[in-house]
């Protein structure tokens with residue numbers, strides 16, 4: 001099981017503490033569900049967060065993925081996981097029109113759960129980076145896919161910083177608007193041209209670009225707000 005000691009800044013006390021990143025297991029499920037519920041209660045807009053059911057978490061622990069968590073003071077304060085959707089109807093490869101034979105090589109980057117006490121440490125990115133590195137190291141999958149709410153800025157940044165690109169913007173999960181992003185593993189770095197900056201809230205313009213073959217490749221922050229940068233392959 002993966003274990004790593006890291007330094008965490010506690011924003012509530014402005015102190016530094018020793019945290020542990022480790023792979024979680026079925027014995028952690030009760031604490032994971034409690035943390036998930038606590039985090040949802042903190043959110044003003046609960047539409048941007050899709051929770052995992054007990055059954056979905058158990059499915060991951062039953063050999064269908066893995067979850068890395070942050071342990072601080074003996075408790076779980078954050079976690080990010082991946083799941084192998086295989087032939088399930090929610091395989092995001094179907095949204096991106098992947099070939100049938102490629103669907104079994106899809107892995108989903110799952111919901112990130114981070115307690116407000118440890119925000120400011122980029123824990124979502126740190127944990128996601130480690131689970132993605134494990135996917136690449138195991139060398140069994142071809143595609144890392146995920147969905148992100150356009151309102152969830154932290155998750156959008158994490159997605160793009162991991163190297164995934166935005167391939168679509170569509171309604172998912174009973175009418176909730178979501179970006180669908182993808183990273184094809186073990187391919188040479190793709191070069192893009194015609195970089196266009198679009199305000200993150202301008203969904204209409206983004207959809208127009210996506211229909212023309214553009215993908216979201218990065219983000220740009222300035223005084224005016226946050227922009228998503230779209231480009232096409234050279």
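Read-outs: derived from the displayed coordinates by stated rules, not from any lab. Only a predicted model underlies this, so the values are computations on that prediction, with no experimental measurement involved. Cβ sites come from the backbone with ideal geometry, for glycine too, and all protein chains shown count toward neighbours.
Checking residue 90 against (1) over 16 Å from residue 29 (Cβ atoms); (2) surrounded by 16 or more Cβ atoms within 10 Å (Cβ to Cβ), which test does it fail?
Single failed check for residue 90: (2).
Restricting attention to the stretch 178-199, and to residues there that are buried (at least 19 other Cβ atoms within 10 Å of the Cβ) and in contact with a helix residue (DSSP H, G or I) (Cβ under 9 Å, 6 or more places away or on another chain), which single residue is nearest to residue 135 (Cα to Cα)?
Residue satisfying both the conditions and the ranking: 183.
So, in the stretch 44-76, of the ones that are touching a residue at least 60 places away in the same chain (Cβ under 8 Å) and more than 25 Å from residue 183 (Cβ to Cβ), which residue ends up surrounded by the most Cβ atoms within 10 Å (Cβ to Cβ)?
Looking at the filtered set, the residue picked out is 72.
Of everything in the stretch 5-16, what is surrounded by 12 or more Cβ atoms within 10 Å (Cβ to Cβ) and closer than 28 Å to residue 60 by Cβ? Give them in sequence order.
Those that are surrounded by 12 or more Cβ atoms within 10 Å (Cβ to Cβ) and closer than 28 Å to residue 60 by Cβ: 6, 8.
What is the one condition in (1) touching a residue at least 24 places away in the same chain (Cβ under 8 Å); (2) out of contact with any helix residue (DSSP H, G or I) (no Cβ under 9 Å at 6 or more places or on another chain); (3) assigned to a loop (DSSP other than H, G, I, E, B) that residue 134 does not satisfy?
(3)
I'd like to verify a number: residues in the stretch 105-131 that are surrounded by fewer than 23 Cβ atoms within 10 Å (Cβ to Cβ), in contact (Cβ under 8 Å) with a residue 60 or more places away in the chain and in a helix (DSSP H, G or I), how many?
Residues in the stretch 105-131 being surrounded by fewer than 23 Cβ atoms within 10 Å (Cβ to Cβ), in contact (Cβ under 8 Å) with a residue 60 or more places away in the chain and in a helix (DSSP H, G or I): 5 in total.
For the stretch 222-234, how many residues meet the condition of being under 10 Å from residue 190 (Cβ atoms) and outside any strand (DSSP E or B)?
So the answer is 1.
For a quick check of your reading: which strands (runs of 3 or more DSSP E) sit entirely within the stretch 162-221 and have at least 3 residues that are more than 18 Å from residue 233 (Cα to Cα) and without any contact (Cβ under 8 Å) to a residue 40 or more places away in the chain?
Hits in the stretch 162-221: 176-184.
Output the number of the condition that residue 75 fails; it satisfies all remaining conditions of (1) in contact with a helix residue (DSSP H, G or I) (Cβ under 6 Å, 6 or more places away or on another chain); (2) under 25 Å from residue 117 (Cβ atoms).
The number of the failed condition is (1).
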